[in-house]
């Protein structure tokens, strides 16, 4: 078994509060599916936070072997001691990855899709390790958009072909007459015995509706100056223009609305009333 990274995949920070004048020895216990001293270098059960410091790191260093074990958990729990009081967060868990088994992650390759369906979104499922054989990756769909109703049905499984490091999962919007505004499409990689999941297992795509206009803002004149040189934001809508649309907006920044510049209403209507 091999692999590992910082922040959830290889290192546990221990933090102490209060005086830092003297060094502090903190005791802990290791547990989880990964065995201390077998799956990772032996951890002694105590760590010293040096004088003048508020924390010490306990590093989990995986031991490489030839066993196919998959992802295993490494848990460190602070032990009670007369020299200190364990805080509300007294335990932490790491993921120890196996290099005899592929690791699968999810990413968003194209984060926007829109009706009527010609503009598609795309997730990418990527594996590390050997690519000799094909690998079937399971996933679950969630989000405000409904699988099979708001976009073409996704089966919940995608196969990375032999010789390839990834496979794409495309989100193809279904055109309908419902005014639904923006909806999210979320893909999450499922656990499976054929692979282990990495640190990034979820991605989100935004699905736009063509029954409602898409509104954007741009700066078309970026400089305003006293006494009367005005700057301009341009608000643009896409899609149908045969109906009036009112857009709400909020002003912020170091200049104060109504004091440093004339106070806009916070709403804009097409066509102007």
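Coordinate-derived values only; no laboratory data. Because the structure is a prediction, the values reported are computed rather than measured. Because the Cβ atoms are built from the backbone with ideal geometry, glycine has one as well, and the counts that use them run over all protein chains shown.
In 5 Å bins starting at 0, how do the alpha-carbon pair distances of region 214-270 split up by percent?
4, 13, 25, 25, 16, 9, 6, 2
Quick check: pseudo-label points 7 Å beyond the Cα along Cα→Cβ at residue 152 and residue 263, how many nm apart are they?
5.2
So the label point goes 7 Å from the Cα of residue 234 along Cα→C-beta, right? Which residues of region 246-267 then have their backbone N under 19 Å from it?
So the set is 247.
Quick check: residue separation of residue 66 and residue 190 times 0.36 nm, minus the Cα distance between them. What number comes out in nm?
Extending this stretch completely gives an extra 42.2 nm.
If the chain between residue 214 and residue 80 were fully stretched, how many nm would it gain, using 0.36 nm times the residue separation less the Cα-Cα distance?
42.5 nm
Modelled label-to-label distance, residue 35 and residue 255, 7 Å Cα→beta-carbon offset: nm?
6.9
Taking a temperature of 20 °C and a viscosity of 1.002 mPa s, what whole-number D in µm²/s does Stokes-Einstein yield for region 103-208 with Rh from Kirkwood over alpha carbon pairs?
Rounded to a whole number, D works out at 153 µm²/s.
Can you compute the FRET efficiency between residue 181 and residue 42 using 1/(1 + (r/R0)^6), with r the Cβ-Cβ distance and R0 = 51 Å? Round to the nearest 0.05.
0.35
Of the candidates 84, 166, 109, which one comes out as most mobile in a Gaussian network treatment of the chain with C-alpha springs shorter than 10 Å?
In the Gaussian network model the winner is 84.
Obtain the nm distance between the two label points defined at residue 225 and residue 248 by a simple spin-label model: each point lies 7 Å from its Cα along the Cα-to-C-beta direction.
Once both label points are built, they end up 3.7 nm from each other.
Calculate, in nm to one decimal, what residue 73 and residue 199 gain on full extension: separation in residues at 0.36 nm each, minus their alpha carbon distance.
44.1 nm
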